[in-house]
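Asks: For reference, the structure I am asking about is given below.
The values are calculated or read from the model by the stated rules, or taken from the named source; none is laboratory data. Note that the structure is a prediction, hence the values are computed from the model and not measured. Positions of Cβ are generated from backbone atoms using ideal geometry, with glycine treated the same way; all protein chains shown enter the neighbour counts. Surface areas here come from the heavy atoms of the whole protein model, side chains and all, with no ligands, DNA or RNA. Shrake-Rupley method; radii C 1.70, N 1.55, O 1.52, S 1.80 Å.
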Amino acid sequence: MAYLQDSTYGKDNVKFLKVKKDKFNPEKQEVLEATVRVLLTGNFDVSYTKADNSPIVPTDTVKNTILVEARTNDVWPIERFAAHLSEHFINKYSHVSGVDVHITQHKWTKYEVNGKIHDHSFKKDGEDVKITDLSFKRNGDFKLSSTLKDLTVLKSTGSGFVNYNVCDYTTLAPTNDRILSTDIDCTWNFDNKKIGSIKNIYKLADQGIFDQTLSKVLKITLDRFALENSPSVQATMYNMCSDILDVCPYVYNVTYSLPNKHYILFDLSWKGLDNDNVLFYPAANPNGLIKCTVGREIKAKL
Ligand SMILES: O=c1[nH]c(=O)c2[nH]c(=O)[nH]c2[nH]1
């Protein structure tokens, strides 16, 4: 006999752009472009096992809800909107026991015109996005994390890779000067014990904690990448995690997942030319992929 082990459903790729107008100067605006996914779990088994659709809140309704709630509520920062949406679905439908919200915020940056940041004109100055994931259960349990993704960086010196394991399969030459490039993918899990309850997400949002955490992650990532003479992706990403934990008290642990996007020296010796570390080709694939999660050491109780 088959049985339903697990299920969830909802709407993905619900997109909106919301405009925020300054109270005193409506021409002065902010925008938030988002892509939202909401998945519901709960008492929906019969819709799978008995073709009984009666418990199904249509995914179309889920989409309408996201848009109406985006119109009628504050969506800045996206952690706040994720909390609002998950509470909405739990409170409105008694057979929903859990909600997973995933929001991607796309980048729009104001730019200068005639020496002054323009009030309502934006440029896309990078493909990097901010993401938040909130999983909320009817019993109050929640898990909140945010992510900085697709921030592509490259340094043309100040990175090496030596003293690695060498065996009969090794062809890699050690180097003290190489190109280091990656697409930053960094996730920070918030400490739900420290946050307390989902209601406190609104308070932390009001205090600017989520925006500040993103700014700190971004600055630490870029500063470490630039300033450290990197001995390896592994060592540099660990240091980034540890810097973030030092200055972000609400962060429980940090994960980086970094492709090592190889740039390989052209061999021009056939032409009698020394390359001198100036001419590389970007290797489309394969790439290294290096991940780590760093948490806080638990202090022993005396
Ligand atoms: O920083 C690096 N870490 C590795 O694990 C590795 N492996 C490799 O071939 N090059 C590199 N670089």
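Asks: Taking into account only those residues within the range 56-80 that are in contact (Cβ under 8 Å) with a residue 40 or more places away in the chain and open to solvent by less than 20 Å² (accessible area, probe 1.4 Å), which is farthest from Lys20 (Cα to Cα)?
Replies: Only one residue tops the list, namely Val62.
Asks: Quick check: is even one residue across the range 229-248 closer than 30 Å to Val75 by Cβ, aliphatic (A, V, I, L, M), in contact (Cβ under 8 Å) with a residue 40 or more places away in the chain and within 16 Å of the ligand (Cβ to nearest atom)?
Replies: Checked the range 229-248: at least one residue is closer than 30 Å to Val75 by Cβ, aliphatic (A, V, I, L, M), in contact (Cβ under 8 Å) with a residue 40 or more places away in the chain and within 16 Å of the ligand (Cβ to nearest atom).
Asks: Another question, if that's okay. Can you list the strands (runs of 3 or more DSSP E) lying wholly within the range 52-163 that have 2 or more residues being within 15 Å of Lys199 (Cα to Cα)?
Replies: 129-137, 142-155
Asks: Moving on to the next point. Please tell me if Asp168 is farther than 24 Å from Leu204 by Cβ, of a type outside the set (A, V, I, L, M) and open to solvent by 70 Å² or more (accessible area, probe 1.4 Å).
Replies: It is true that Asp168 is farther than 24 Å from Leu204 by Cβ, of a type outside the set (A, V, I, L, M) and open to solvent by 70 Å² or more (accessible area, probe 1.4 Å).
Asks: For the range 249-286, what are the residues that are within 14 Å of Ile184 (Cα to Cα), within 16 Å of the ligand (Cβ to nearest atom) and not aliphatic (A, V, I, L, M)?
Replies: The answer is Tyr256, Ser257, Pro259, Asn260, Lys261.
Asks: Can I ask one more? Answer yes or no: is there a residue in the range 14-26 that is open to solvent by 90 Å² or more (accessible area, probe 1.4 Å) and either touching a residue at least 24 places away in the same chain (Cβ under 8 Å) or not assigned by TED's automatic domain parsing to the domain that holds Tyr111 (or both).
Replies: No: zero hits.
Asks: Please work out which one of (1) within 16 Å of the ligand (Cβ to nearest atom); (2) surrounded by 16 or more Cβ atoms within 10 Å (Cβ to Cβ) is the condition Ala173 fails and give its number.
Replies: Evaluating Ala173 over (1) within 16 Å of the ligand (Cβ to nearest atom); (2) surrounded by 16 or more Cβ atoms within 10 Å (Cβ to Cβ) leaves (2) as the failure.
Asks: Being more than 28 Å from Ala70 (Cβ to Cβ), in the same structural domain as Asp267 (by TED's automatic domain parsing) and either more than 16 Å from the ligand (Cβ to nearest atom) or surrounded by fewer than 17 Cβ atoms within 10 Å (Cβ to Cβ) (or both) is the requirement here; does Gly115 meet it?
Replies: No.
Asks: I need every pair where a residue in the range 156-178 that is of a type in the set (D, E, K, R) has its Cβ under 9 Å from the Cβ of a residue that is within 11 Å of the ligand (Cβ to nearest atom) and open to solvent by 50 Å² or more (accessible area, probe 1.4 Å), sequence separation at least 6 or different chains.
Replies: Listed by first residue and then by second, the contacts come to Arg178/Phe161; Arg178/His262.
Asks: Working carefully through the options Leu134, Leu85, find the one that is out of contact with any Phe, Trp or Tyr (no Cβ under 8 Å at 6 or more places or on another chain), under 23 Å from Val31 (Cα atoms) and either open to solvent by less than 30 Å² (accessible area, probe 1.4 Å) or of a type in the set (S, T, N, Q) (or both).
Replies: Leu85
Asks: Mind listing whichever residues of the range 206-228 are hydrophobic (A, V, I, L, M, F, W, C) and within 16 Å of the ligand (Cβ to nearest atom)?
Replies: Selection gives Phe225 alone.
Asks: Can you find a residue in the range 194-204 that is under 21 Å from the mean Cα position of the chain (by Cα), among the basic types (Lys, Arg) and within 21 Å of Lys107 (Cβ to Cβ)?
Replies: No, there is no match, as no residue in the range 194-204 is under 21 Å from the mean Cα position of the chain (by Cα), among the basic types (Lys, Arg) and within 21 Å of Lys107 (Cβ to Cβ).
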